[in-house]
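Got a structure here, written out as structure tokens. Questions coming.
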Amino acid sequence: LYPGWEWLESTPPLHPAQIVYIGLRDVDPAERRILKDLGITCFTMQHVDRYGIAGVMERSFDQLYGRPLHCSYDIDAVDPLHAPSTGTAVRGGLTFREAHYLVEAVSGTGQLGSLDMVEVNPGLGSDTENEETVEMALALIDSAMGSRIL
């Protein structure tokens, strides 16, 4: 185990092949080492640019096919233009539509078993920024639960 992770010793492990990260753009050296050591599939924003969000999702589902899915949505994957009140606001994140497409695609598999929305921190911005971030998070949860245009 990595230092500080000793508490995980009694927890059944999630195999790294069952994990996919999407939209990475600010990864520190220790995180890089862990991702590489464990062989976790990662799609950076460069992959999103190259393949489009639909292509990234298809590649993700190829790996995760046939199993229940948990989506842990870190709001700071979204560009701070759309979700500014988060602890790690880094420009160049998912656009409004890419952010929604991600959860719409997960929902569309019929395999979504659980979802959490993390890193929403209304204490970090102005009233307007806080409202934008919370509204974005709620809209993404709505999309994950099946809300569609038609």
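The values are calculated or read from the model by the stated rules, or taken from the named source; none is laboratory data. Owing to the predicted nature of the structure, the values given are computational and were not obtained by experimental measurement. Cβ: placed from backbone, ideal geometry, glycine included. Neighbour counts: every protein chain shown. Heavy atoms of the whole protein, side chains included, go into the accessibility calculation; ligands, DNA and RNA do not. Shrake-Rupley method; radii C 1.70, N 1.55, O 1.52, S 1.80 Å.
Determine the relative contact order of the chain: mean sequence separation of Cα pairs under 8 Å and six or more apart, normalised by residue count, in whole percent.
On the way: 192 pairs, mean separation 32.1, N = 150.
Relative contact order here is 21 percent.
Between ILE34 and ARG67, how many nm apart are label points set 7 Å from Cα along the C-beta direction?
It works out to 1.9 nm between the two label points.
Here is a follow-up. Taking all protein chains together and a probe of 1.4 Å, list VAL78, VAL134 from the most accessible to the least accessible.
Working: VAL78 0, VAL134 55 Å².
Descending order: VAL134, VAL78.
Please build a GNM for the chain, connecting alpha carbons under 10 Å apart, and tell me which residue among PRO29, PRO16, PRO68 fluctuates the most.
In the Gaussian network model the winner is PRO29.
Under a 1.4 Å probe, what is the accessible area of the chain per residue, stated in Å²? The partial results should precede the final answer.
Details: 9190 Å² over 150 residues.
Per residue, the chain has 61 Å² of solvent-accessible surface.
Accessible area of segment 20-150 with a 1.4 Å probe: how many percent of it is carbon plus sulfur?
Values: 3850 of 7460 Å².
Result for segment 20-150: 52 percent of the exposed heavy-atom area is carbon or sulfur.
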